[in-house]
Every structure is written in structure tokens, then in C-alpha cells.
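Worksheet for the structure shown next.
The values are calculated or read from the model by the stated rules, or taken from the named source; none is laboratory data. Because the structure is a prediction, the values reported are computed rather than measured. Positions of Cβ are generated from backbone atoms using ideal geometry, with glycine treated the same way; all protein chains shown enter the neighbour counts. With ligands, DNA and RNA removed, areas are computed over all heavy atoms of the protein, side chains included. Shrake-Rupley method; radii C 1.70, N 1.55, O 1.52, S 1.80 Å.
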Amino acid sequence: MKTKRRNDETLLAANECAARIGLSVRALRLYEQRGLIRPPRTAKGWRLYGATEIARLHEILALKLLGLSLSRITELLQGKAVDLAGTLALQHAALSQQRVRIERGLSLVGAARAALAEGRSVSTEDLIKLAKEANMTEIPTDEIAWRRYEQARPRTAIQIKPVHLENYVGYYRYTAGPVFEVTAKEGRLFIRGPGDDVAVEVFAESERTFFRKAAPVQVSFPATANGLANELVLHTNGHERRAIRIDADEAMKAAEALDARIKSGPPNPHSEATLRHLISEYQSGRPCVDRMTPELAQAVREQFDAVYANLAARGPLRTLQFRRVGAGGHDVYKAAFDTGVLKFRIAWSEESKIIGLRYRDYNS
């Protein structure tokens, strides 16, 4: 059968589409049976595949690469529009993470082989690192990929009764420490985090789920018997973080403690030594995430290539000076390198876990 065209778009027959993508015609039929693709047909019943169908096939293959089963892919994609941009972003993040892991593993293996070749022993600590790299069980890739893809999906705002919003108004606190304030005004819902000058509006997707328009972030309020929300769940970057409702007095005490720390200015006693260690590790090509929350560790792994390239090009760290406690409770440091000066921000949870880590040019 000859190639057809649809509104100046090239349409491929099933056998040609399968051959060019690297699939079997049987796989195309299976995806169609699952409702994942719906290729148009000619008058004689021949299936045709154009840009829309091929973009959906790319989504399927990308999610399979991330480890999702076909049944879960079907559940995720069925009945939804193609989101090629979201798929490419997810695929890029996953492949970047894999590359970082491979390069880190090769570096550790190379160092161990060099030590053995020189007649030196490999330390227990190095063996533990090698074993961990070989296993890497701490990241449930399938679940993270599933959530992140769903979180990146386009959302449609709906109107809900203002009376429902009142069930969500109040204060919520993560076990990690930060307090968030939820307010409602004129049928609209807003969330303000620690250090935020203004509250951010979130839009209803259903009676209990809301989303931001400027970022792939959603907020949900699990159902309760009396309708009043007991917790807030933040959905972002493939993770779900739960914050428990607290009363106004506890929220006020937390705000006063934060204000006092900002005014008095003492940094966390672990901040300076930790930053020095992290900078040294990153410049050596080793992303150190042991003391980070899972969400932050995931982000660090995915962004490691860019961070490593930037910090490695700076040369040795010369000085690291504490400057102040930021509005959100993070410690701010001035880091001077051979080439350039950077501003680092590091934030801690009550359980001494790193919950925030950022850097940028000092004067920006």
C-alpha cells in the first residue's frame, strides 16, 4: 500500500510505521486493542499512522523504558490527549539519572580496580558504595515515573462550591518542619509557604484536588467523615508529601520561632561542614545524597550533570562564609572559588535531613 497524506501530513501504513519505529505490526495491533492508539482507516480498511499516532507510540515506548508495565501504561494514557512535551521531559530526566548512575558506578569500579592493581586493599566503605550502586533499590522508578507523568498531565479547572473550600482552610505542617497556610477568598483557594511574600492560587480539578497553572504541582485533601480536611498532600516531581493539620496556636509558635531565628541569625550547626563536603563531592563527580530527603535526593541526581559541570569549572573552594538565615529558614552562605562567587542556601528538617539545597551566582 502507498503512503497517504492527511492535511499535508505524511501517513504511514502499518508495516512501514512498525519498521521505521522498530516495532512489530502485532505490537501496533495490541496498542490499538488497548485503546492507546486509534489510527484512521482507508476506505478499504487499511490502518494509517500519522504524527498524532506516532507521538502516542513515543509516549508508550518512553514509559516502557522507564519500567512501567503495559497495563499501567494503558491505565495512565487511555482516554487522554497526547502530551509529547511532558513525555520528553520525563524521558530526559530518567535518562540523565541513568547516565549519572552509570558514570558514578564506573568511577567507583575504576578506583577499586586501580587499588587492587597497585596491591592495595579495597576498603569496607568502598565495597559498600559499590554494592549500593549495583543494587540501587532505594528509588522505586516505576512508581516515581507513574506519578511524575500523571503530575505533568494538562489540567482543566472547574468551579466548585465555595462552601467546600472552607473545609481546607487552615495550617498544615510537614514532618520535615515547614508550615503552610491555606486560605479561601471569593471562591478561590490559596496556599502560602514559609518565607513566601504572597500566597499562590491553586485551581480546582475536582472537589478535593487542586493544581498550579505555572508548574506541574498538585495539592489534594483526603476525604474525612465530617468533610474537614485533616491533611494536605503535595504532589510534585513524582513524590507525595503529607502535611498534617495543626491549630493556629502551633502555627503561630512555629512562625515566631522562625522569626526569632532569622533575627538572631545562628546557622544550623551542621550547615557549613555539610556544604564543604557536598561541594567537594560534587566537584569530584560524586553526588552525595545520604542526608537528603527522598524528594531532594531525586532532584539532585537528575540535575547532577549541570551542577557538576558548573562547580568543577569553578576550581577549588577558597572561603565559605555564613551570611544570614533566609526568610524561609534556610542558611545562606557565600562561597568563593578560584573563578567566581556563588550563593548557597541549605535548609534542614527537624530530623536533621536536608530538605532544601540551591545555589546561584552571588550577585543574582
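Numbers for the structure displayed
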| read-out | value |
| --- | --- |
| Per-region count, the range 171-193, residues β-branched (Val, Ile, Thr), modelled with pLDDT of 90 or more and either under 11 Å from Ala254 (Cα atoms) or within 22 Å of the chain's Cα centre (by Cα) (or both) | 1 |
| Condition met for Ile60 (free of Cβ contacts under 8 Å to residues at least 24 places away in the same chain, surrounded by 15 or more Cβ atoms within 10 Å (Cβ to Cβ) and under 23 Å from Glu16 (Cβ atoms)) | no |
| Residue pairs meeting the criteria (Cβ under 8 Å; at least 6 apart or on separate chains; first under 10 Å from Gly356 (Cα atoms), in the range 291-313; second in a helix (DSSP H, G or I)) | Met292/Val300 |
| Restricting the range 181-215 to residues that are within 22 Å of Gln159 (Cβ to Cβ), part of a loop (DSSP other than H, G, I, E, B) and touching an Asp or Glu at 6+ places or on another chain (Cβ under 9 Å), the residue that is least open to solvent (accessible area, probe 1.4 Å) | Ala199 |
| Per-region count, the range 26-51, residues β-branched (Val, Ile, Thr) and closer than 16 Å to Ile73 by Cα | 1 |
| Extreme residue, modelled with the lowest pLDDT, among residues of the range 290-299 that are buried (at least 19 other Cβ atoms within 10 Å of the Cβ) and touching a helix residue (DSSP H, G or I) at 6+ places or on another chain (Cβ under 8 Å) | Gln298 |
| Contacts under 6 angstrom Cβ, first residue in the range 105-116 being without any contact (Cβ under 8 Å) to a residue 40 or more places away in the chain, partner outside any helix (DSSP H, G or I) and open to solvent by less than 40 Å² (accessible area, probe 1.4 Å), 6 or more apart | Ala112/Val122; Ala115/Val122 |
| Failed criterion for Gly238 (all others in (1) crowded, with 20+ Cβ neighbours inside 10 Å; (2) at pLDDT 85 or above; (3) over 25 Å from Glu256 (Cα atoms) hold) | (2) |
| Every pair of residues 6+ apart whose Cβ atoms lie under 8 Å, when the first sits in the range 180-203 and is in contact (Cβ under 8 Å) with a residue 24 or more places away in the chain while the second is loosely packed, with under 13 Cβ neighbours inside 10 Å | Gly187/Gln159; Phe203/Ala157; Phe203/Lys213 |
| Residue in the range 252-265 that is over 22 Å from Thr236 (Cα atoms) and acidic (Asp, Glu) present | yes |
| Residue under evaluation Tyr172, criteria (1) open to solvent by 30 Å² or more (accessible area, probe 1.4 Å); (2) within 26 Å of Lys263 (Cβ to Cβ), criterion not met | (1) |
| Scan of the range 242-279 for residues that are under 30 Å from Asn310 (Cα atoms), open to solvent by 60 Å² or more (accessible area, probe 1.4 Å) and assigned to a helix (DSSP H, G or I), ordered by number | Glu272, Ala273, Arg276, His277 |
| Which numbered condition Gln218 fails, given (1) open to solvent by 30 Å² or more (accessible area, probe 1.4 Å); (2) touching a residue at least 12 places away in the same chain (Cβ under 8 Å); (3) of a type in the set (S, T, N, Q) | (1) |
| Hits in the range 31-84 - residues which are of a type in the set (D, E, K, R) and assigned to a helix (DSSP H, G or I) | Glu32, Glu53, Arg56, Glu59, Lys64, Arg72, Glu75 |
